[in-house]
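Participant: One structure coming up, written as structure tokens, with questions to follow.
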Amino acid sequence: MTFPRDFWLGFWAGFPFLLVIIPFGVVFGVVATEAGLNVSQTMGFSILVIAGAAQFVAVQLMVENAPVLIVLATSLAVNLRMAMYSASLAPHLGQISWWERAVVSYFMVDQAYAASILKYDDSPEMTPRQKLAYYMGVITPVCPTWYIATYGGAVLGDVIPPTLPIDFAVPITFLALIVPMLRSAAHVAAALVSIIGVLAFSFVPFNLGLLLAALLAMVTGAEVERQISKRRVKQ
Amino acid sequence: MTLSDAQIWLVIICLGAGSFLLRLSFLGIIGSRDLPEWLLRHLRYTAVAVMPGMITPMILFPTATGGQFDMVRIGAAVATIAISLWTRNATLTIFGGAGVLFALHFLLPA
């Protein structure tokens, strides 16, 4: 490892996500095996797809006996946001080698993206190699634990009492990342449009409302930034 | 479930490949090429454009309560935001938010 300091900073940034990864991995293992998947298929999901929300959607649709094409289209729509993460990371990690970018892409889960982009925007002096070390640090506690927790759930069955509000670990971890990102009026405006947009587009099927809301929010953020810098130039 | 073993593996492999290609898409194609300033300006807002919209329905209409507004979850969300503004530390915020969530869960009458 070329930049151990950045790696460990990333590692400790990724560590609290275990609060989400462990219960959700276990729940996925339980849900998937109860749906009729065997252990290797359940692990296939967590290792090959490695995307919490899309995995749950796919298994749910398979239980409902949806056609294979519908299962694929709907679950991939849930993962379309990953293409936006990919574009957002490109200016930071575009210079690393092709196979390293492939590794980054395989591990591109919400937590890895959010924790890394928060760090990159706060530390513009980081080199692409330092950014890569940080990213690998974040995913080190997160992704292997996802596999292990899935296996635990698939083999041990339900060990988490169903009444506990563990579903809410997801919004809590993301709130902890989003609030520090609201560093300018443009960021706040984008976040507000994202929230209002997703509620307004809640009728749009296949989770595409989120994508529409996100695109509108990006345009809003960019436009507010442009207006503010224009005003600054005039003054 | 009526899907055969082969069909299940087909779903897993296609979904895995599709997700990987979505993740690789821009990072793979753009690489080290310079992007125009207007595009970079939009990409700067990706995280704040996706994440708040992603968690808003989870906070307001949790699936676990059948979409019912839930004081425990709303209270935990408000506390999490407050802890984040106060401590400016993501780790403290996550553990603090989880602490408030479980405290409210066990203290508030169901």
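Participant: For A:V233 and A:D122, FRET efficiency with R0 = 25 Å and r from the beta-carbon atoms, rounded to 0.05?
Facilitator: Computed FRET efficiency for A:D122 and A:V233: 0.50.
Participant: Calculate the radius of gyration of the Cα atoms of the stretch A:182-235 to one decimal place, then report Dmax, the largest Cα-Cα distance, as a whole number, both in Å.
Facilitator: When restricted to the Cα atoms of the stretch A:182-235, Rg and Dmax are 13.2, 46 Å.
Participant: Taking N as the number of residues in the protein assembly as shown, what is its Cα Rg relative to 2.2 N^0.38 Å? Can you show the working numbers first?
Facilitator: Details: Rg = 19.7 Å, N = 345, 2.2 N^0.38 = 20.3 Å.
My calculation over the Cα atoms of the protein assembly as shown gives 0.97.
Participant: For B:I74 and B:R33 in the same chain, what is the full-extension length gain: residue separation times 0.36 nm, less their Cα-Cα distance, in nm?
Facilitator: 10.4 nm
Participant: Need one value for A:200-211: mean number of C-beta atoms belonging to other chains within 10 Å of its residues' C-beta atoms.
Facilitator: The shielding value for this peptide is 1.
Participant: Moving on to the next point. Per the Kirkwood treatment, what hydrodynamic radius in Å, one decimal, follows for the stretch A:4-162 from the mean inverse distance over all distinct Cα pairs?
Facilitator: 16.4
Participant: Quick check: Cα centre of the stretch A:70-132 to Cα centre of the stretch A:146-208, how many Å?
Facilitator: Between the Cα centres of the stretch A:70-132 and the stretch A:146-208 lies a distance of 18 Å.
Participant: Need one number: convex hull volume per residue for chain B, Cα atoms only, in Å³.
Facilitator: Cα-based convex hull of chain B, divided per residue, equals 195 Å³.
Participant: Let me ask something additional. List the relative contact order of the stretch A:4-162 as a percent without decimals, with contacts defined as Cα pairs under 8 Å and 6+ residues apart.
Facilitator: About 54 percent, as a whole number.
Participant: Given the options A:N207, A:N79, A:N65, state which has the largest fluctuation in a GNM of chain A using a 10 Å cut-off (strictly under) for Cα springs.
Facilitator: In this elastic network of chain A, the residue with the biggest mean-square fluctuation among A:N207, A:N79, A:N65 is A:N65.
Participant: Not counting the cut sites, what is the longest span of chain A without GluC sites (Glu not before Pro) that DSSP labels loop and that have at most 13 other Cβ atoms within 10 Å?
Facilitator: A:126-235
Participant: Take chain A, connect every pair of alpha-carbon atoms lying under 10 Å apart with a spring to form a Gaussian network, then pick out the residue of A:L19, A:L215, A:L69 with the largest mean-square fluctuation.
Facilitator: Top of the fluctuation ranking is A:L69.
Participant: Rounding to the nearest 20 debye, state how big the charge dipole of the stretch A:19-125 is about its Cα centre with +1 on each Lys and Arg Cβ and -1 on each Asp and Glu Cβ.
Facilitator: 160
Participant: Here's another thing I want to ask about it. Rank A:V219, A:V20, A:V188 by mean-square fluctuation in a GNM of chain A with C-alpha springs under 10 angstrom and give only the top-ranked residue.
Facilitator: Its mean-square fluctuation being the largest, the pick is A:V219.
Participant: Related question: What does the charge dipole of the protein assembly as shown about its Cα centre add up to, to the nearest 20 debye, if the Cβ of each Lys and Arg holds +1 and the Cβ of each Asp and Glu holds -1? Each step should come with its number before you reach the end.
Facilitator: On the way: 18 positive and 16 negative charges, 249 e Å.
Result for the protein assembly as shown is approximately 1200 debye, rounded to the nearest 20.
Participant: Another question, then. Tell me the trypsin sites (Lys or Arg not before Pro) within the stretch A:138-235 that lie in a loop according to DSSP and have at most 16 other beta-carbon atoms within 10 Å.
Facilitator: A:R183
Participant: Chain B: longest stretch without exposed trypsin sites (Lys or Arg not before Pro) (DSSP loop, at most 14 other Cβ within 10 Å), sites themselves excluded? It would help to have the intermediate numbers written out before the result.
Facilitator: Details: sites that count: B:R33, B:R88.
My reading of the result: B:34-87 is the longest stretch.
Participant: Of the options A:S194, A:L69, B:I12, report the single residue whose Cα projects farthest towards the positive end of the charge dipole of the protein assembly as shown (beta-carbon charges: Lys, Arg +1; Asp, Glu -1).
Facilitator: Result: A:S194.
Participant: Quick check: the angle from helix A:18-35's long axis to the longest principal axis of chain A, C-alpha only, nearest 10 degrees?
Facilitator: 40
Participant: Exposure proxy check: A:L9, B:L92 ranked by fewest other beta carbons within 10 Å? The partial results should precede the final answer.
Facilitator: Numbers: A:L9 18, B:L92 15.
Exposure proxy ranking, most exposed first: B:L92, A:L9.
Bear in mind these aren't lab numbers, they're just calculated from the coordinates by the rules spelled out. Note that the structure is a prediction, hence the values are computed from the model and not measured. Reconstructed Cβ throughout: ideal geometry from the backbone, glycine too, with neighbour counts over all protein chains shown.
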